[in-house]
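Encoded as structure tokens, the structure appears first; notes follow it.
Throughout, read-outs are computed from the coordinates displayed, never taken from laboratory work. In this text the structure is predicted, and so the values were computed from the model without any measurement. All Cβ positions, even for glycine, are placed from backbone atoms using ideal geometry, and neighbour counts span all protein chains on display.
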Amino acid sequence: MPDKFVLLDRDGVINIDSDDFIKSSAEWQPIPNSLKAIARLHQAGYKIIVITNQSGVGRGYYSDADLTAIHLKMQQLVSEAGGKISHIYYCPHLPTAECNCRKPKAGMLLQFAQDYNADLSHCYFIGDSLRDLQAGFAANAKPLLVKTGNGEKTLTNNPDLDIPIFETLYDASDFILSR
């Protein structure tokens with residue numbers, strides 16, 4: 001049986017987002033029940049992959065070492081909750097870089113699919129921003145929107161979204177686990 005995957009954006013889905021960027025591990029704080037959601041999915045046999053734009057590196061707001069420390073904290077807290085993040089893909093480039101990896105482009109999702117020999121049409125990609133959904137559609141994944149982070153604003157600005165919408169990552173995990 002092939003591996004099952006759930007792809008997650010980070011800021012606004014797993015952790016509380018900030019307009020000033022999350023620049024240190026001290027600033028990284030999980031959204032209530034997000035770690036429990038990841039643990040439930042992991043325990044049900046899903047591999048969890050994080051796919052996140054991190055232009056703060058390119059802007060010089062924080063270093064690669066700072067980002068590594070943030071991700072180590074996230075992985076540690078997920079582990080303590082009983083879950084596991086199998087891989088983290090991130091784009092450090094500025095929005096003006098025209099790279100293929102920065103969402104809304106599908107580069108990070110396509111790289112994941114290549115690395116894991118995964119069929120993206122069977123993968124949920126949970127995000128809170130329009131660019132997450134656009135990347136999911138561009139990669140032929142199954143986008144889901146959460147209302148945390150930028151989700152409410154995304155929904156207000158795009159009221160005709162024809163995808164499943166959830167209050168939180170925990171609610172989205174209920175949906176996935178009921179499939």
Given Lys36/Lys105; Lys4/Lys153; Lys105/Lys153; Lys47/Lys153; Lys23/Lys47; Lys84/Lys153, the pairs whose alpha carbons are separated by over 23 Å: Lys36/Lys105; Lys4/Lys153; Lys47/Lys153; Lys23/Lys47; Lys84/Lys153
Considering only DSSP beta bridges where both residues belong to the stretch 24-168, give the percentage that are antiparallel (nearest 5). 0
Which order do the peptides 13-19, 103-109 take when ranked by the mean count of other beta-carbon atoms within 10 Å per residue, highest first? 103-109, 13-19
Looking at the chain from every direction and averaging, what is the projected area of its Cα convex hull in nm²? 9.6
To the nearest 0.05, the calculated FRET efficiency linking Lys4 and Asn158 through their beta-carbon distance, R0 being 25 Å, is 0.35
Which value in deg cm²/dmol, rounded to the nearest 500, describes the helix-derived mean residue ellipticity at 222 nm for the chain, given -39,500 (n - 2.57) per DSSP H run of n ≥ 4 and division by the residue count? -11000 deg cm²/dmol
Would you work out the charge dipole size for the stretch 1-73 about its Cα centre, treating the Cβ of every Lys and Arg as +1 and the Cβ of every Asp and Glu as -1, and quote it to the nearest 20 debye? 380
Hey, could you grab the Kirkwood Rh for the stretch 1-63? Inverse mean 1/r over distinct alpha carbon pairs, Å, one decimal. 13.0
At 0.36 nm per residue, minus the direct Cα-Cα distance, what do Ser86 and Asn100 gain on full extension? Give it in nm, one decimal, please. 2.8 nm
Full extension from Ala69 to Asp115: what is 0.36 nm times the residue separation minus their Cα-Cα distance, to one decimal in nm? 14.2 nm
What is the dipole size for the stretch 4-177, taken about its Cα centre, with +1 at each Lys and Arg Cβ and -1 at each Asp and Glu Cβ, in debye to the nearest 20? 380
Sequence gap at least 6, Cα distance under 8 Å: using those rules, report the relative contact order of the stretch 17-77 to the nearest whole percent. 52
Relative contact order for the chain: what percent, with Cα pairs under 8 Å and sequence separation of 6 or more? 25
Enumerate cysteines in the chain without a disulfide-compatible partner, where compatibility requires another Cys Cβ under 4.7 angstrom. Cys99, Cys123
